[in-house]
Amino acid sequence: MMKNVMQTGLGIMLTIAGLCGQAIAQNKALVNTSASPYAKLSSIDMGNVTWTEGFWADRFQVCRDSMIPNLWKVYTDANVSHSYKNFEIAAGLDTGSHAGPPFHDGDFYKLFEAVASMYSINHDPKLDALMGRTIAVIAKAQRADGYIHTPTIIAERQDPKKAKAFADRLNFETYNLGHLMTAGCVHYRATGKRTLLNIAIRATDYLYNFYKTASPELARNAICPSHYMGVVEMYRTTRNPKYLELSKNLIDIRGLMQNGTDDNQDRIPFRKQTKAMGHAVRANYLFAGAADVYAETGDTTLLHTLNLMWNDVVNRKMYITGGCGALYDGVSPDGTSYDPNEVQKVHQAYGRDYQLPNFTAHNETCANIGNVLWNWRMLQATADAKYADVMELALYNSVLSGISLNGKNFLYTNPLSFSDELPFQQRWSKDRVGYIKLSNCCPPNVVRTIAEVSDYAYSVSDQGLYFNLYGGNVLNTTLEDGSTLKLAQETAYPWDGRVSIRFEKAPAKSYSLFLRIPGWCAGATLLVNGKPMSVTLAAGSYAEVNRKWKTGDRVELNLPMPVKLMEANPLVEEIRNQVAVKRGPVVYCIESADLPQNQKIFNIAIPAQANFTTESIRIENTEIMSLTAKADVNNKTNWNNTLYREVSNADKKQVNIRLIPYFAWGNRGHVDMETWLPLNR
Ligand SMILES: [Zn+2]
């Protein structure tokens, strides 16, 4: 459905002549679909939602006080990370060589974006000054033609003949440029300043001109395509039609070159793909970017492929935590022929349908964030609550698991179980670390995501306000007709399903609230000013309440969240006869830290009739809802040099166990952990 640009979106869509001769859009949403003709929803301006209490207020505070300052220190300490130093050398402010992975520029831009997002809410002048100083350095590092990528620019300073842009697709230039574009848009929306945006404009113009002349082989540089999202956001900010043309072209050229790979999703054209395959970060970023292009163009061939990919991921390839990318390494069995010499390697990748191992699950934090970015864009395009369900699932489980509760340590992979008894080392640490030497892409990604959760909480349409994610907050925004909407939300979600909404300023006309009833929720109830409403409250939908609201009106939504035992499709052979424990959107796990000494997680089984009790505890000064129950334990523990043995019930007894949310695992020292547990029927 085509929407009228002038009648939709929050605030008034103004354009003014900007620097570089480009019009600049005034909407300040993180992802600005306010003028996207094929997006049914648009977003609240950055800074219009303030967390006040509860889960996200707590995470946001840790983000402000620990995550951002800590990671900034890491990235500007050349003894730990050369990320910022690379910019200083490229700018000619210091001497030396480039160090760190080629995608380090992009990691720094993500951290910068987190700072800008934080500034949109707290307006801390110190952050503004910090960003100003940093932008001056980035500006000096940019080449006159707009190209900016510190490995090449530093090499050019040393020997102009040797350095060449886009010489190797694994240089991640477009990935870095994409994050610069997003950071430029976010900084502009947060501060009103065009300093970083102008750098991004020159870089996007460079990319536009590059693709005008690039061979298909060179154009194949789209490794981990953050720039699909970036280029579309640049179009939304500047309304420069060249950028929309570029974004369409970037999708069209995929799969047209020789020797593409399933790992990079470019063996066959995007529109001919039927299965999600290959590197899961690259795949999810591609899907998010294609969804952005759909929102601008209404190209149903893109939506068709996106629907195939979504069904494939959600029905066959996604972990119960919303994690994506089952395999460390593997092959793409359908990639070429069955000649073993030609089978294509994949890494950090989606596996076969139902191939979901637990110890060796890769589930890179960035892939799980990519799942959020993709589903957010699908939600904006369609207003279908099923996308909000996946967003929420990934956020509460496989995104938050990527960072410690104190905000300073990170996981690259997010396995669903871990044991020291597994007699081999995996490539990435299962203890969170402060700096991931080979790939620090995830830490700034998770930090910017937590800084921006408030931007995902609500959406708006012509009809009303959508509640996507619940949490204690105040929303204070201006609607397109100029009226003010202010409401306060009080809730202990996700630990409690009661949500109370109070109008502080209501629009004059009739207005709808679209309250998300999560897919996991049966028996939701709704009161308006204490009276039950005859509204359908179906799981997996938005329930619409339309009326003329007035100040003081109160909406009370109750989303019952009993503890549930979840089982998997039997084709997931690794978890036959096992259950995961879930309450509301939160998946639970068991840690050896909660077992008596000498007791092992492998000995625990969950009785089908287990009776769970909620108990609030604190880990790392963070309130966590734990679950306690009586479970079966088999004390025959020694499996040394034993692969198979006869089942024995001799030592079976019951013990008290405690489960904690999966995202909080590994915050009490080095532990064994399991998410799927055997079921005793
Ligand atoms: Zn990553």
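The values are calculated or read from the model by the stated rules, or taken from the named source; none is laboratory data. Source: prediction; values computed, not measured. All Cβ positions, even for glycine, are placed from backbone atoms using ideal geometry, and neighbour counts span all protein chains on display. All accessible areas refer to the heavy atoms of the entire protein, side chains included, with ligands and DNA or RNA removed. Shrake-Rupley method; radii C 1.70, N 1.55, O 1.52, S 1.80 Å.
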What residue, among those in region 63-73 that are open to solvent by less than 30 Å² (accessible area, probe 1.4 Å) and touching a helix residue (DSSP H, G or I) at 6+ places or on another chain (Cβ under 8 Å), is farthest from V586 (Cα to Cα)? L71
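When you scan region 242-251, do you find a residue that is open to solvent by 10 Å² or more (accessible area, probe 1.4 Å) and either over 18 Å from F270 (Cα atoms) or in contact with a strand residue (DSSP E or B) (Cβ under 6 Å, 6 or more places away or on another chain) (or both), even just one? Give the derivation first.
In the first step, residues of region 242-251 are kept if they are open to solvent by 10 Å² or more (accessible area, probe 1.4 Å); the result is 242, 244-245, 248-249.
Next, from what is left, pick out any that are either over 18 Å from F270 (Cα atoms) or in contact with a strand residue (DSSP E or B) (Cβ under 6 Å, 6 or more places away or on another chain) (or both): 242.
Within region 242-251 (the criterion being open to solvent by 10 Å² or more (accessible area, probe 1.4 Å) and either over 18 Å from F270 (Cα atoms) or in contact with a strand residue (DSSP E or B) (Cβ under 6 Å, 6 or more places away or on another chain) (or both)), the answer is yes, since at least one residue qualifies.
Tell me which strands (runs of 3 or more DSSP E) are completely within region 565-639 and hold 1 or more residues being more than 24 Å from M318 (Cα to Cα), or say none if there are none.
Counting at least 1 such residues, we get 604-607, 613-619, 622-634.
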Of the conditions (1) among the polar types (S, T, N, Q); (2) at pLDDT below 95; (3) out of contact with any strand residue (DSSP E or B) (no Cβ under 6 Å at 6 or more places or on another chain), S66 fails just one. Which one is it? (2)
From the residues in region 263-300 that are hydroxyl-bearing (S, T, Y) and in contact (Cβ under 8 Å) with a residue 60 or more places away in the chain, which one is surrounded by the fewest Cβ atoms within 10 Å (Cβ to Cβ)? T297
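For region 347-357, does any single residue satisfy the condition of being on the phi > 0 side of the Ramachandran plot and of a type in the set (A, V, I, L, M, F, W, C)?
First, pick out the residues of region 347-357 that are on the phi > 0 side of the Ramachandran plot: 348, 354.
Now drop any that are not of a type in the set (A, V, I, L, M, F, W, C), which leaves none.
Looking through region 347-357, none of the residues is on the phi > 0 side of the Ramachandran plot and of a type in the set (A, V, I, L, M, F, W, C).
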So is V293 within 30 Å of A664 (Cβ to Cβ) and not polar (S, T, N, Q) or not? no
Output the number of the condition that A214 fails; it satisfies all remaining conditions of (1) within 26 Å of the chain's Cα centre (by Cα); (2) of a type outside the set (D, E); (3) surrounded by fewer than 24 Cβ atoms within 10 Å (Cβ to Cβ); (4) over 19 Å from N27 (Cβ atoms). (1)
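Name the single residue that is surrounded by the fewest Cβ atoms within 10 Å (Cβ to Cβ) among those in region 583-630 being of a type in the set (K, R) and under 29 Å from the mean Cα position of the chain (by Cα).
From region 583-630, those of a type in the set (K, R) are 583, 600, 618, 630; that's our starting set.
Pick out the ones that are also under 29 Å from the mean Cα position of the chain (by Cα) and you get 583, 618.
Numbers: R583: 21, R618: 10.
If we take residues in region 583-630 being of a type in the set (K, R) and under 29 Å from the mean Cα position of the chain (by Cα), then R618 is surrounded by the fewest Cβ atoms within 10 Å (Cβ to Cβ).
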Take region 149-183 and flag every residue that is part of a loop (DSSP other than H, G, I, E, B) and surrounded by fewer than 16 Cβ atoms within 10 Å (Cβ to Cβ). D159, P160, K161, K162, K164, A167, D168
Filter pass, I135 being surrounded by fewer than 22 Cβ atoms within 10 Å (Cβ to Cβ), within 25 Å of the chain's Cα centre (by Cα) and part of a helix (DSSP H, G or I): no
The lone exception for M257 - which of (1) under 22 Å from the mean Cα position of the chain (by Cα); (2) farther than 14 Å from T174 by Cα it fails: (1)
Right, A580: at pLDDT 95 or above, surrounded by fewer than 20 Cβ atoms within 10 Å (Cβ to Cβ) and not charged (D, E, K, R) or not? no
Could you tell me whether A326 is within 27 Å of V293 (Cα to Cα), surrounded by 24 or more Cβ atoms within 10 Å (Cβ to Cβ) and at pLDDT 95 or above? no
Which one of the conditions (1) outside any helix (DSSP H, G or I); (2) in contact (Cβ under 8 Å) with a residue 12 or more places away in the chain does F663 fail to meet, given that it meets all the rest? (1)
Picking from D389, D420, D462, D431, the residue that is in contact (Cβ under 8 Å) with a residue 40 or more places away in the chain, open to solvent by 10 Å² or more (accessible area, probe 1.4 Å) and under 17 Å from the mean Cα position of the chain (by Cα) would be D389
Of all residues in region 434-447, which are more than 9 Å from the ligand (Cβ to nearest atom), surrounded by fewer than 23 Cβ atoms within 10 Å (Cβ to Cβ) and either of a type in the set (F, W, Y) or under 21 Å from the mean Cα position of the chain (by Cα) (or both)? G434, Y435, L438
The conditions are (1) buried (at least 24 other Cβ atoms within 10 Å of the Cβ); (2) polar (S, T, N, Q); (3) in contact with a Pro (Cβ under 9 Å, 6 or more places away or on another chain), and T360 fails exactly one of them. Which is it? (1)
Conditions (1) open to solvent by 10 Å² or more (accessible area, probe 1.4 Å); (2) part of a loop (DSSP other than H, G, I, E, B); (3) under 29 Å from R316 (Cβ atoms); (4) away from the ligand (no atom under 14 Å from the Cβ); number of the one not met by Q425: (3)
Evaluate the following for D481: is it over 30 Å from N176 (Cα atoms) and out of contact with any Phe, Trp or Tyr (no Cβ under 7 Å at 6 or more places or on another chain)? yes
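Restricting to region 509-564, give me the number of residues that are part of a loop (DSSP other than H, G, I, E, B), farther than 30 Å from A580 by Cβ and open to solvent by less than 30 Å² (accessible area, probe 1.4 Å). Spell out the reasoning first.
Within region 509-564, the subset part of a loop (DSSP other than H, G, I, E, B) is 509-510, 518-524, 529-530, 533-540, 548-553, 559-562.
Still in the running and farther than 30 Å from A580 by Cβ: 509-510, 529-530, 533-535, 548-553.
Those left that are additionally open to solvent by less than 30 Å² (accessible area, probe 1.4 Å): 549, 553.
Looking only at that region, the number is 2.
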List pairs: first in region 181-194 and in contact (Cβ under 8 Å) with a residue 40 or more places away in the chain and within 14 Å of D45 (Cβ to Cβ), second of a type in the set (F, W, Y) and part of a helix (DSSP H, G or I), Cβ under 6 Å, 6+ apart or cross-chain? A190/Y119
